[in-house]
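Structure, as structure tokens:
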Amino acid sequence: GIQVEQSPPDLILQEGANSTLRCNFSDSVNNLQWFHQNPWGQLINLFYIPSGTKQNGRLSATTVATERYSLLYISSSQTTDSGVYFCAVITGGGNKLTFGTGTQLKVEL
Amino acid sequence: GAVVSQHPSWVICKSGTSVKIECRSLDFQATTMFWYRQFPKQSLMLMATSNEGSKATYEQGVEKDKFLINHASLTLSTLTVTSAHPEDSSFYICSARDLRLRPYEQYFGPGTRLTVT
């Protein structure tokens, strides 16, 4: 099956810093989503982005499908950005999400 | 919009008993629901996919007789962990999708933390 690797696995930032999270996948995908899992376990949809670039406030994402990677940018980070960030993909004609390995982010004052 | 709830949010049960977890889509009709399991510090692993009115499709390695899934309506799916054992302790998360509204996006419930003693 498809492999979805995220980097870095762990990241510590000072409040106000910017960061880039990466998601690499081993096969062509029809669907890519980015999620934020908060410290209570809730998964929050950030972006549905199978290709191209999208922005939502301090967050933006870019997927280059032909090169099999996606990037999530966080600008002016805040302590509430802490948690785990997952990318997840769907391949072929299926409907199953395969989750990446995750990036654990901690934003400190 | 696209809110999914789960109940209970946490449960402790004794080994050998059964536990039912409910997943509801509150403001949309969920043509498909998914159940995931997440162990500490790990990613989400899909357990099964269910379509309303049909039998669930289980992922390889998931015991269908142990994890009973029912998707009786377009807003409710249940996961029953039968004869639970300590190794079943985990964080169980459901998600839902409306094929007619946003066919390529899944919306997740807040999760249920199960501890089997």
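The values are calculated or read from the model by the stated rules, or taken from the named source; none is laboratory data. Bear in mind that the values here come from a model prediction, so they are computed numbers and not experimental data. So basically every Cβ, Gly included, is an ideal-geometry build from the backbone, and we count neighbours across all protein chains shown. For the accessible areas, the whole protein counts, side chains as well, though only heavy atoms, and no ligand, DNA or RNA atoms are used. Shrake-Rupley method; radii C 1.70, N 1.55, O 1.52, S 1.80 Å.
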Using the C-alpha atoms of segment B:35-96, what convex hull volume per residue, in cubic angstrom, is computed? 83 Å³
Hits among lysines - C-alpha to C-alpha of A:K106 under 30 Å, sequence gap 8 or more where chains match: A:K54, A:K96, B:K41
Using alpha carbons only, how many angstrom separate the centre of segment A:1-74 from the centre of segment B:92-117? 19 Å
Which value, in Å to one decimal place, does the Kirkwood hydrodynamic radius take for chain B when every pair of different Cα atoms is included? 14.1 Å
Per-residue Cβ counts within 10 Å, from other chains only, averaged over B:36-44: what number is that? 4
Cα convex hull of segment A:1-65: how many Å³ per residue? 116 Å³
Using only the alpha-carbon atoms, what does the protein assembly as shown span along each of its principal axes? Please give whole angstrom values in decreasing order. 49, 38, 33
Stretchable slack from B:S18 to B:L101, in nm (0.36 nm times residue separation minus alpha-carbon distance): 26.4 nm
Using a 1.4 Å probe on protein heavy atoms only, how many Å² of accessible area do A and B hide from each other, summed over both chains and rounded to 100? 1500 Å²
Are there chymotrypsin sites (Phe, Trp or Tyr not before Pro) in segment A:1-63 that DSSP marks as loop and that have at most 13 other Cβ atoms within 10 Å, and which are they? A:W40
Leaving out ligands, DNA and RNA, what percent of the accessible area of the protein assembly as shown is carbon and sulfur, probe 1.4 Å? 51 percent
Averaged per residue, what accessible area in Å² does chain A show with a 1.4 Å probe, protein chains only? 47 Å²
Can you bin segment A:16-109 into rounded, prolate or oblate? Criterion: square roots of the alpha carbon gyration tensor eigenvalues sorted a ≥ b ≥ c, rounded for a/c under 1.5, prolate for a/b above b/c, oblate for the rest. prolate
For B:S90, residues with placed amide H under 5 Å, excluding near neighbours: B:L114
Can you pull the mean other chain C-beta count within 10 Å for peptide A:39-45? 6
Candidates B:I21, B:I93, B:I12, ranked by Gaussian network fluctuation over chain B, Cα under 10 Å, top entry: B:I12
Choice from B:T32, B:T49, B:T57 showing the highest fluctuation, given a GNM over chain B with Cα pairs closer than 10 Å: B:T57
Out of residues 5 or more away from B:L44 or on other chains, whose amide H comes under 5 Å of its own, with H placed 1.01 Å from N in the peptide plane? none
